[in-house]
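> Pasting in a structure now, in structure tokens, and then I'll have a few things to ask.
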Amino acid sequence: MGSVGAKDVPVLLTPEGRRIDGRKLDELRPIRIQAGPLHQADGSAFVEWGANKVMAAVYGPREVHPRHLQQNNKAVIQCRYNMAAFSVDERKRPGLDRRSQEISKVIAEAFESVVFAEEYPRTSIDVYIEVLQANAGTRCAGLVAASVALADAGIPMVDLLPAVAVGKVAGQIALDLKKEEDNFGEADLPMALVPQSGRLVLLQMEGHMTPEELSRALDLGVAGCTVIYGKMKQALRDRYATTELAGGAA
Ligand code: CDP
């Protein structure tokens with residue numbers, strides 16, 4: 001069904017420039033962000049992005065565990081990205097594999113660039129990201145969810161961190177790859193941006209792009225991040241408005 005050439009490789013781009021789900025090259029998948037769905041966490045957010053479903057919870061600033069990670073001059077930011085065993089087609093082995101550890105590390109480092117950690121010495125800011133359903137771009141969805149959750153927890157930051165992956169499919173640079181595009185495409189470039197300064201605080205690359213393609217990919221990614229940034233701010237505004245209404249009604 002829908003295959004050409006090599007067995008099981010889907011048509012990633014039609015002659016009219018439409019992608020496997022009908023999107024244009026510069027189009028994002030639909031994104032819905034909810035701030036504050038978890039009441040026990042200090043801050044939380046739920047992101048549905050295409051077929052990705054990602055929950056983030058933030059706790060802190062609080063006591064550091066394990067204690068030896070404590071820093072006298074700033075808060076430590078600890079991040080745990082986890083994919084649920086049921087989040088992918090083939091059951092994923094539960095637990096922290098190398099991929100999850102790497103993603104946790106790059107996300108924590110991205111937040112270290114924007115959180116005012118020196119305001120909370122000897123504490124920990126704990127960020128949990130649970131991927132409930134995965135369809136490529138989960139580290140970006142996780143970053144977006146965690147970023148809104150950090151803001152929901154009232155953690156002071158330079159800015160929110162919108163993120164998106166740009167890639168190369170059928171020889172063309174495309175925004176926000178879905179699973180088939182990630183699997184059968186030629187490159188994947190996840191990025192996270194500080195909108196205020198335009199600084200990239202996460203940039204990874206799998207596959208190959210020419211310098212011109214990279215430049216086009218960065219432009220497309222920055223444009224995508226700008227749209228996502230708007231949705232992140234709106235999610236926080238909506239949360240605030242609901243709280244005010246609930247407070248007023250009580
Ligand atoms: O999710 P992201 O694109 O940030 O990371 P990736 O390592 O490039 O993974 C791409 C996609 O492969 C994931 O979003 C999942 O849909 C899928 N995947 C999977 O099916 N099983 C795994 N153990 C890991 C990833």
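The values are calculated or read from the model by the stated rules, or taken from the named source; none is laboratory data. For clarity, every value in this text was computed on a predicted model and none was experimentally measured. Counting neighbours? That spans all protein chains shown, and the Cβs are built from the backbone with ideal geometry, glycine included. Note: areas computed on protein heavy atoms with side chains; ligands, DNA, RNA excluded. Shrake-Rupley method; radii C 1.70, N 1.55, O 1.52, S 1.80 Å.
> Out of Asp176, Asp97, Asp152, report the one residue that is buried (at least 21 other Cβ atoms within 10 Å of the Cβ), within 11 Å of the ligand (Cβ to nearest atom) and not hydrophobic (A, V, I, L, M, F, W, C). Give the derivation first.
Details: Asp97 fails: buried (at least 21 other Cβ atoms within 10 Å of the Cβ); Asp152 fails: within 11 Å of the ligand (Cβ to nearest atom).
From the options Asp176, Asp97, Asp152, the qualifying one is Asp176.
> Counting just the residues of segment 100-130 that are open to solvent by 70 Å² or more (accessible area, probe 1.4 Å) and either part of a loop (DSSP other than H, G, I, E, B) or free of Cβ contacts under 8 Å to residues at least 40 places away in the same chain (or both), which one comes out farthest from the ligand (Cβ to nearest atom)?
Within segment 100-130, the subset open to solvent by 70 Å² or more (accessible area, probe 1.4 Å) is 101-102, 105, 109, 112, 116, 118-119, 122, 128.
Within this subset, residues satisfying the condition of being either part of a loop (DSSP other than H, G, I, E, B) or free of Cβ contacts under 8 Å to residues at least 40 places away in the same chain (or both) are 101-102, 105, 112, 116, 122.
Working: Gln101: 12, Glu102: 9, Lys105: 13, Glu112: 19, Phe116: 27, Arg122: 32 Å.
Looking at residues that are open to solvent by 70 Å² or more (accessible area, probe 1.4 Å) and either part of a loop (DSSP other than H, G, I, E, B) or free of Cβ contacts under 8 Å to residues at least 40 places away in the same chain (or both), I get Arg122.
> Let me ask something else. Report whether or not Gly36 is more than 17 Å from the chain's Cα centre (by Cα), open to solvent by less than 60 Å² (accessible area, probe 1.4 Å) and within 27 Å of Arg237 (Cα to Cα). I'd like the intermediate steps shown before the answer.
Values: more than 17 Å from the chain's Cα centre (by Cα): no; open to solvent by less than 60 Å² (accessible area, probe 1.4 Å): yes; within 27 Å of Arg237 (Cα to Cα): yes.
In short, no.
> Sticking with this structure for a sec: Filter segment 19-33 for residues that are of a type outside the set (Asp, Glu) and open to solvent by 70 Å² or more (accessible area, probe 1.4 Å); which is nearest to Leu220 (Cα to Cα)? Give the steps one after another, and end with the answer.
Of all residues in segment 19-33, those of a type outside the set (Asp, Glu) come to 19-20, 22-25, 28-33.
Then keep just the ones that are open to solvent by 70 Å² or more (accessible area, probe 1.4 Å); that gives 24, 30, 32.
Working: Lys24: 12, Pro30: 16, Arg32: 20 Å.
Looking at residues that are of a type outside the set (Asp, Glu) and open to solvent by 70 Å² or more (accessible area, probe 1.4 Å), I get Lys24.
> I'd like the residue in segment 192-207 that is within 19 Å of Ala136 (Cβ to Cβ) and touching a residue at least 40 places away in the same chain (Cβ under 8 Å) and, out of all such residues, is nearest to the ligand (Cβ to nearest atom).
Across segment 192-207, the extreme among qualifying residues is Gln204.
> While we're here: Kindly indicate whether Gln133 is within 12 Å of the ligand (Cβ to nearest atom), out of contact with any helix residue (DSSP H, G or I) (no Cβ under 7 Å at 6 or more places or on another chain) and at pLDDT 95 or above. Before you say what the answer is, go through the steps one by one.
Values: within 12 Å of the ligand (Cβ to nearest atom): yes; out of contact with any helix residue (DSSP H, G or I) (no Cβ under 7 Å at 6 or more places or on another chain): yes; at pLDDT 95 or above: yes.
It is true that Gln133 is within 12 Å of the ligand (Cβ to nearest atom), out of contact with any helix residue (DSSP H, G or I) (no Cβ under 7 Å at 6 or more places or on another chain) and at pLDDT 95 or above.
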